[in-house]
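Structure record follows, encoded as structure tokens.
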Amino acid sequence: MKDLHRFFTDLDIYNDDTIALDEDISRKIISVLRLKIADEIYLQNNICISTAKITNITKHQVVVIVESVRDLIKPNYRFEVYQAIAKREYMDFIIEKYSELGVTKIIPIITSRSISELKDKTLARYKTIAKQAVLQSEGEFVPEITKPIRLDKIKLDTTDNFLFHERVGIKNMPTNSSRNISIMIGAEGGFAESEVDILTAKGFVAYNPIKKILKAETAAVVFASNLLIQLYDN
């Protein structure tokens with residue numbers, strides 16, 4: 001692929017279509033990147049990615065014509081993350097890193113030591129962060145981010161399910177036996193003993209591979225990246 005600037009849109013994209021870009025994208029193209037008529041960009045949505053050429057620039061809006069379109073390349077694995085909801089700045093970081101790394105689904109979880117609610121506007125912010133992280137990392141697949149659920153409402157349908165814990169569990173890093181996995185990461189303070197019992201009864205296997213107490217955002221990056229590297233290599 002060419003080395004072009006990437007932008008995400010919720011609009012449909014068709015070959016030879018003329019698209020008026022929204023205010024935020026137009027402002028970045030005009031004021032930040034200072035692109036010109038005839039410059040090319042990548043434009044993508046949740047289904048496809050296209051090469052588009054700028055055909056018109058006004059004070060507040062950019063118009064492009066779509067030159068070519070192809071379907072997004074989707075991951076050949078399923079990697080779901082059950083993430084206990086952390087405070088704003090930490091959860092924003094976690095969502096960003098999961099999205100950069102290539103997680104396919106993020107399920108915010110309410111635990112006894114996590115944030116106890118998630119407003120719709122916060123969930124919308126997470127989705128925006130995910131899109132921006134995918135664009136920055138030159139990925140194509142934006143992870144699904146669901147509404148929050150409580151631990152006891154989890155229904156696993158993945159093959160390998162790993163719970164990372166700071167005190168209990170198998171002492172080494174898990175090895176994927178399939179391309180269909182999930183992980184569980186707790187909030188600051190970890191999980192209560194009763195919660196570990198609930199999760200293991202549901203099918204999670206506890207692991208404690210690092211002899212340190214990691215912050216939630218550190219654990220998210222360390223464990224997700226390790227397992228994703230295994231998926232990339234295979």
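Could you say whether any residue in the range 190-197 is touching a Gly at 6+ places or on another chain (Cβ under 6 Å) and either among the small types (Gly, Ala, Ser) or over 30 Å from Arg6 (Cα atoms) (or both)? Within the range 190-197, not a single residue is touching a Gly at 6+ places or on another chain (Cβ under 6 Å) and either among the small types (Gly, Ala, Ser) or over 30 Å from Arg6 (Cα atoms) (or both).
Residues of the range 112-127 that are at pLDDT 95 or above and either among the β-branched types (Val, Ile, Thr) or in contact with a helix residue (DSSP H, G or I) (Cβ under 8 Å, 6 or more places away or on another chain) (or both): Thr122, Arg125, Tyr126. State all residues of the range 148-188 that are surrounded by fewer than 21 Cβ atoms within 10 Å (Cβ to Cβ), small (Gly, Ala, Ser) and touching a residue at least 24 places away in the same chain (Cβ under 8 Å); if no residue qualifies, say none. Result: Gly169, single match.
This table checks each residue for (1) closer than 19 Å to Gln136 by Cβ; (2) touching a Pro at 6+ places or on another chain (Cβ under 9 Å).
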residue: Ile30; (1), (2): no, no
residue: Ser68; (1), (2): no, no
residue: Asp71; (1), (2): no, no
residue: Met91; (1), (2): yes, yes
residue: Ile94; (1), (2): yes, no
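Is it the case, given these coordinates, that Thr218 is under 26 Å from Lys74 (Cα atoms) and either modelled with pLDDT of 95 or more or of a type in the set (Val, Ile, Thr) (or both)?
On the way: under 26 Å from Lys74 (Cα atoms): no; either modelled with pLDDT of 95 or more or of a type in the set (Val, Ile, Thr) (or both): yes.
Judged against the criteria, Thr218 is not a match.
Annotation: of all residues in the range 57-78 being in contact with a Phe, Trp or Tyr (Cβ under 9 Å, 6 or more places away or on another chain) and of a type in the set (A, V, I, L, M, F, W, C), the one that is nearest to Arg179 (Cα to Cα) is Ile73.
All told, Arg88 falls short of being basic (Lys, Arg), farther than 30 Å from Glu117 by Cα and surrounded by fewer than 18 Cβ atoms within 10 Å (Cβ to Cβ).
For the range 123-145, indicate whether the set of residues that are farther than 30 Å from Arg6 by Cα, of a type in the set (A, V, I, L, M, F, W, C) and surrounded by fewer than 19 Cβ atoms within 10 Å (Cβ to Cβ) is non-empty. The answer is no; no qualifying residue exists.
The values are calculated or read from the model by the stated rules, or taken from the named source; none is laboratory data. Keep in mind it's a predicted model, so treat the numbers as computed, not measured. Counting neighbours? That spans all protein chains shown, and the Cβs are built from the backbone with ideal geometry, glycine included.
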